[in-house]
Amino acid sequence: MTQEQLHQVDESIQRILAETMRIGLDVERERLSVIDAPWFPWVAMPCAVALGVALALVAR
């Protein structure tokens, strides 16, 4: 590979990493906004209990 090709590959990798980081931060921000929502415990707890019961029944 020439020096120019290596430079282009390096720039592409840096752009991909920057975009991946941006997406990761967006996902993390969205996840935190869902967890902080006032309805979250009222939905999450019954789902967790139902999942636990279902797993217990399947494990029998």
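Within the accessible surface of the chain, defined with a 1.4 Å probe on protein heavy atoms only, the carbon and sulfur portion equals 71 percent.
In a reduced charge model with +1 at each Lys and Arg Cβ and -1 at each Asp and Glu Cβ, the range 8-60 shows a dipole moment near 360 debye about its Cα centre.
With a simple spin-label model that places each label point 7 Å from the Cα along the Cα-to-Cβ direction, the separation between LEU57 and VAL34 comes to 2.5 nm. Each residue of the range 19-25 was assigned a 3J(HN,Hα) from its phi angle through the Karplus curve 6.51 cos²θ - 1.76 cosθ + 1.60 (θ = phi - 60°); the sequence is 5, 4, 5, 4, 5, x, 5 Hz, with glycine and proline shown as x. Normalised per residue, the accessible area of the chain is 91 Å², obtained with a 1.4 Å probe and no contribution from ligands, DNA or RNA. Size descriptors for the chain, from the alpha-carbon set: Rg then Dmax equal 22.0, 63 Å.
Annotation for VAL49 and GLU19: the two label points, set 7 Å from Cα along the Cα-Cβ direction, are 4.5 nm apart.
Working note: 222 nm ellipticity from helices only, DSSP H runs with n ≥ 4, each -39,500 (n - 2.57), summed and divided by the residues of the chain, gives -31500 deg cm²/dmol to the nearest 500.
The values are calculated or read from the model by the stated rules, or taken from the named source; none is laboratory data. Nothing here was measured: the structure is a model prediction, and the numbers come from that model. FYI the Cβ positions are ideal-geometry reconstructions off the backbone, even for glycines, and counts take in every protein chain you see. With ligands, DNA and RNA removed, areas are computed over all heavy atoms of the protein, side chains included. Shrake-Rupley method; radii C 1.70, N 1.55, O 1.52, S 1.80 Å.
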